[in-house]
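The values are calculated or read from the model by the stated rules, or taken from the named source; none is laboratory data. Just so we're clear, the structure is a prediction, and the values are computed from it rather than from any experiment. Note that we place each Cβ from the backbone using ideal geometry, even for glycine, and neighbour counts take in every protein chain shown. With ligands, DNA and RNA removed, areas are computed over all heavy atoms of the protein, side chains included. Shrake-Rupley method; radii C 1.70, N 1.55, O 1.52, S 1.80 Å.
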Amino acid sequence: MFRDFYHIIKGFFFFLILSISANSASQNLTEVIGFANKLAENRNFSSAIQEYRRAYFFAPESDKFTIANKIADCYISINNLNAAKAFCASAIL
């Protein structure tokens with residue numbers, strides 16, 4: 001009986017740790033995108049691109065389209081149309 005209780009508690013803590021880790025990673029991604037948005041609003045496009053690219057690397061597939069468009073917008077703002085085109089293409093694929 002003690003063994004069953006031990007396994008239940010062990011499974012609960014394992015699930016709890018996984019939940020906290022997933023939430024933490026999501027929160028960090030949100031923070032990185034928020035920081036990149038502020039940089040872009042302040043017309044610091046080169047730094048915004050770096051932060052957006054970092055977010056893009058860690059983002060789930062469902063968020064990559066939006067982030068790629070933000071990267072392309074920043075590249076357009078600094079007149080790097082070739083890089084903008086590449087990120088627009090990656091957003092479509």
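A 1.4 Å probe over all protein chains sorts D63, D73 by accessible area into D73, D63, starting with the largest. Between R54 and A89, the simple spin-label model (points 7 angstrom out along Cα→Cβ) gives 2.7 nm.
Quick one: net charge around A48, please, counting Lys, Arg +1 and Asp, Glu -1 for every other residue with C-beta under 10 Å from its C-beta. Around A48, the surrounding residues sum to +1. The order of K70, K38, K64, K85 by accessible area, most exposed first and with a 1.4 Å probe, is K85, K38, K70, K64. E31 sits with roughly 110 Å² accessible to a 1.4 Å probe, with DNA, RNA and ligands left out of the calculation.
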